[in-house]
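In what follows, a structure is listed as structure tokens, so that the remarks can point back to it.
The values are calculated or read from the model by the stated rules, or taken from the named source; none is laboratory data. What you are looking at is a predicted structure, and each value in this text was computed from that prediction instead of being measured. Note that we place each Cβ from the backbone using ideal geometry, even for glycine, and neighbour counts take in every protein chain shown. All accessible areas refer to the heavy atoms of the entire protein, side chains included, with ligands and DNA or RNA removed. Shrake-Rupley method; radii C 1.70, N 1.55, O 1.52, S 1.80 Å.
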Amino acid sequence: NQVKNYNFPQSGGATSLLVEPAQYQAFDYNTSAWTYEGGLSFAVTKRLNLYANKSTAFNPQPQIDSVTGIPLPNNTSNGYEFGIKASFLDNRLNITVDRFVINEFNLAQSETDPVSGLKDTILTGEQQAKGYEMEFNYQVTNDWIIINDWGYTQANVLNAYALTFLDGLPVRRVPRDNVGLATR
């Protein structure tokens, strides 16, 4: 990921969209990271499989630290999942049940400074989401299939660094239950 960032000062900004401010600081930076994924599947019977996988990921952050003015480190994550896949009725009914855990690190959060009223970009530590998923699809006829899934997620802030009031709280905008239903 390559970023070009213009860090404009609080005062002396452009008076129009066509004029650059008199003082600005521009810098380029690149972000990268190594990630991996791997998994195993074991056929218990012809219709029953056990599986497990583990992976890591990263997301570049285009924000800069409000205090230091340097780019924030990558948002990284790791997680695992394990479950059972079963097939019945000559493969017309398929069911998957699994358990997952996902950990995220280096999350950028914008907060308003209560004294100055200015927005601050603050790096927080770790959030964890864990839960269960269940999916089934049923081929009722050759022309009709029903797909249904349900997921339960419990996501919490484990370490918010400077924002200690967030420690132990649920992560914003992560619903506990997700349900999907489709037919074709």
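Taking all protein chains as shown and a probe of 1.4 angstrom, residue 181 keeps an accessible surface of around 140 Å².
Annotation: amide H-H contacts under 5 Å for residue 61 (H modelled 1.01 Å from N, sequence separation of 5 or more, or interchain): 75. Region 34-112 gives an Rg/Rh value of 1.25, both radii derived from C-alpha positions and Rh following Kirkwood. With a cut-off of 12 Å between beta carbons, the residues surrounding residue 181 carry a summed charge of -1, where Lys and Arg count +1 and Asp and Glu -1.
Normalised by 2.2 N^0.38 Å, with N the number of residues, the alpha-carbon radius of gyration of region 28-161 equals 1.48. Ranked from largest, the principal axis spans of the Cα set of region 100-182 equal 64, 23, 17 Å. Distances between every pair of Cα atoms in region 67-116, grouped in 5 Å steps from 0 to the bin holding the largest one, split as 5, 12, 12, 13, 11, 10, 8, 7, 7, 6, 4, 3, 1, 0 percent.
Residue by residue, region 96-110 carries 3J(HN,Hα) couplings of 10, 10, 9, 10, 9, 9, 10, 10, 10, 10, 6, 8, 8, 10, 9 Hz when phi is fed to the Karplus relation 6.51 cos²θ - 1.76 cosθ + 1.60 (θ = phi - 60°); x denotes Gly or Pro.
Estimated at the nearest 10 Å², the accessible area of residue 44 is 70 Å² with a 1.4 Å probe. At a probe radius of 1.4 angstrom, the accessible area of region 115-184 per residue rounds to 68 square angstrom.
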